[in-house]
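Q: Supplied in structure tokens, the structure appears directly below.
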Ligand SMILES: Nc1ncnc2c1ncn2[C@@H]1O[C@H](COP(=O)(O)OP(=O)(O)OP(=O)(O)O)[C@@H](O)[C@H]1O
Ligand SMILES: [Mg+2]
């Protein structure tokens, strides 16, 4: 299998806390891979370590065949990685349109993608001139996702997209992620196991800063013991 | 609109009270006094704004409290003065400056070099220091021997005070031409380039933990080449360039002085950020101490180069006309004679101090506003003020933006300095009081809010000037016969009082956002 991203045994410290103590994540090209685990397991930190926002002290992050650990975050992201952070991080002082434009990596990215964005998120079209903060939580999530693919990214790191959304909205968000996965590889952090199991083909479970199990999502759905042990779900 | 009213009730009430106070203040004095005081307040506010806005841009985006900002304001004034009063010194300085900077223009090349060098761990620690030491040694050998025609602070007849005084009265004190005697010219020129490259390489080794694949192109060498060419041209054409500058009208020379001071400030700021501040982003306390130290060093440098005594800076001819119909009563008269003062409601208004400076203040206010709102750089700055990490995660080189913003902020302070010089004069202390004003203005307006910086600065300027005016004419306390005359120490106290009151009502300042 061809891996677009290969995280090898990374150790990350935040301050003096040894948060990640050996995480391995392999992401097959074109797939949706879910990072699963309880609250505080280290899923967000794993995404941030990939991007160099919390640089790993040990281990390797190999993206499209090149080692990127230790590079500046903006250099890593420029290689074609989009990021939807946990709490959306919409820029308050920017309008919705500016929130999209700022993600351009090549001039004109936004104009090229605009119709596609409005097809996926018809709501954003009429909100385009409003300041980022005036959006509802769901709309902010849409905007954050849209922002992650304004530039031509090959890999999207999406952190808890369903958090705080109503069930109907979650459904439409899932179809958006499916649509995006046609062109990009997606790493998805998702607490809602149902959502994760319907979207992802592969999974990695993280437990107390270590990756403890990986495989194909179909197998996990039948592995009631693992689900119970690591995810606390029935 | 309704929600705007509801959300900002406190702000609107505060602004209404302040406006009411100013209207009340107008009742106690003659109309002409009121207008002049208002204009003076706006002028002080404009200069304060130039310092405050730069400081707040830097703080907002970089989280750096640049305590050297007032000193950089002062340095801007002294640099501008040098260009204006001693163009020959300025031209002499161009060559060595371009050479000293040339090494830093190769910043992109050093990491490439560094990856080629394989060294033991201890050598890796020592190497940067060794390089910097070598560079400092070469510099300290060449620079004192490099001939620059300059004033003499020890000798009153040749001091900045005298040069300034003569220039103000319209004559130019002849200055000796500097020639290479203590060191051969080629040796000096080549030595400076080498020392600069060695020093810049050494500094770059401090923050090069990251491994990265590089491709060098001619672009990485372009700035270096341009600086070398500039150095060579200014070296060869030194005398003719000096002759051109001294022959210029004082208006053009002033314009050049303003541009040079602003650009030097911006360049100095960019250099400070990329060499001294950058390694300390993870240690904010050290950063604070660093900027405090830079401030003290800056003042000492100014003292040793330009001396301690205060001196005036002549105004450009455009604002310095006298005689004839001056003070002018209408625009046509003023335009024809370039009167230094005009009559407004029977009061004498100094054109440079009270009209030109506020106009520039407004122009800068609008330009920076446009930069922030209409350009991609501005968009990145606004976003970065809120969430640097996310901006970086979008693939934007935040470091470069940091350097640019630091340069922009210091450039604005330097612009403030050179603009203030003809009205305030030059002194070693001019930065301190203005910096304090700027801090108070920011506390009042909202620490990282751009319109807030403008509002706070204008309020500080107005309050101070009105208190000064009332110190002269006295306030009649209602229902009594007492006439209260605020004493000079009340001037700074009044702005502090305003700040305290506003912070009690609105803890984030007038326009600051709640976190
Ligand atoms: N800035 C920080 N300082 C100290 N500890 C931190 C910091 N950020 C995260 N941690 C700790 O690191 C661990 C992993 O955090 P992380 O955010 O990666 O978890 P997560 O798996 O994303 O959890 P959740 O599902 O709740 O989002 C947690 O125990 C957390 O307390
Ligand atoms: Mg998380």
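The numbers here are math on the coordinates, done by the rules we state, and not lab data. Predicted, not measured: the structure shown is a model, and the values here were computed from it. Neighbour counts run over all protein chains shown; Cβ positions are idealised from the backbone, glycine included.
Q: Using the alpha-carbon atoms, what tilt in degrees (0 to 90, nearest 10) does helix B:31-62 show relative to the longest principal axis of chain B?
A: The answer is roughly 30 degrees.
Q: Considering the alpha-carbon set of region A:3-231 alone, what are its Rg and its Dmax in angstrom?
A: 17.1, 50
Q: Normalised by the number of residues in region A:34-133, what is the relative contact order in percent for Cα pairs under 8 Å and 6+ residues apart? Mind dumping the intermediate values first?
A: Details: 70 pairs, mean separation 21.9, N = 100.
For region A:34-133, the relative contact order is 22 percent.
Q: Of all beta bridges DSSP finds with both residues in chain A, what is the antiparallel percent, to the nearest 5? Intermediate results must be reported in sequence, preceding the final value.
A: Working: 23 of 40 bridges.
In chain A, DSSP labels about 60 percent of beta bridges as antiparallel.
Q: Let me ask you something else. Tilt of helix B:219-236 relative to the longest C-alpha principal axis of chain B, in degrees (0 to 90, nearest 10)?
A: 80
Q: Also, quick follow-up: Which order results if B:132, B:359, A:102 are arranged by neighbouring Cβ count within 10 Å, fewest first?
A: Fewest-to-most Cβ neighbours within 10 Å comes out as B:359, B:132, A:102.
Q: Per the Debye formula with a single identical scatterer at each Cα and no solvent contribution, what log10 I(q)/I(0) holds for chain B at q = 0.06, 0.11 Å⁻¹?
A: Values returned for q = 0.06, 0.11 Å⁻¹ are -0.33, -1.06.
Q: What ranking, highest mean first, results for peptides B:37-45, B:169-177 when packing means the other Cβ atoms within 10 Å averaged over each residue? If you can, show how the numbers build up before the last one.
A: Numbers: B:37-45: 24.1, B:169-177: 11.3.
Highest to lowest by the protection proxy: B:37-45, B:169-177.
Q: I've got another one for you. For Cα pairs less than 8 Å apart in space and 6+ apart in sequence, what is the mean separation divided by the residue count of region A:3-231, i.e. the relative contact order in percent?
A: This gives 29 percent for region A:3-231.
Q: Hey, fewest Cβ within 10 Å first, where do B:230, B:410 land in order?
A: Values: B:230 17, B:410 31.
Starting with the residue having the fewest Cβ neighbours, the order is B:230, B:410.
Q: Quote to one decimal, in nm, the extra length available between residue B:15 and residue B:143 on full extension: 0.36 nm per residue of separation minus the C-alpha distance between them. Mind dumping the intermediate values first?
A: Details: separation 128, 0.36 × 128 = 46.08 nm, distance 5.47 nm.
Computed gain between residue B:15 and residue B:143 is 40.6 nm.
Q: Using alpha-carbon positions, what is the distance between the centroids of region B:217-244 and region A:1-41, in Å?
A: 52
Q: Using Cα atoms only, what is the angle between the long axis of helix B:250-272 and the major principal axis of chain B, expressed in degrees (0 to 90) to the nearest 10?
A: Here the helix axis deviates by roughly 60 degrees.
Q: Ranked highest first by average number of other Cβ atoms within 10 Å, how do B:194-203, B:318-327, A:166-175 line up? Let's see the in-between values first.
A: Working: B:194-203: 21.8, B:318-327: 15.7, A:166-175: 13.7.
Per-residue Cβ counts within 10 Å, averaged per peptide and sorted highest first, yield B:194-203, B:318-327, A:166-175.
Q: Please compute one quarter of the surface area of the Cα convex hull for the protein assembly as shown and express it in square nanometres. Write down the numbers at each step before the final one.
A: Details: hull surface 158.4 nm².
Seen from a random direction, the Cα hull of the protein assembly as shown projects 39.6 nm² on average.
Q: Over chain B, what is the percentage of antiparallel beta bridges among all DSSP beta bridges, to the nearest 5? Can you show the working numbers first?
A: On the way: 7 of 9 bridges.
Just about 80 percent of them are antiparallel.
Q: Among A:18, A:72, A:87, which comes first, then next, by fewest other beta-carbon atoms within 10 Å? If you can, show how the numbers build up before the last one.
A: Values: A:18 12, A:72 18, A:87 15.
So the ranking, lowest neighbour count to highest, is A:18, A:87, A:72.
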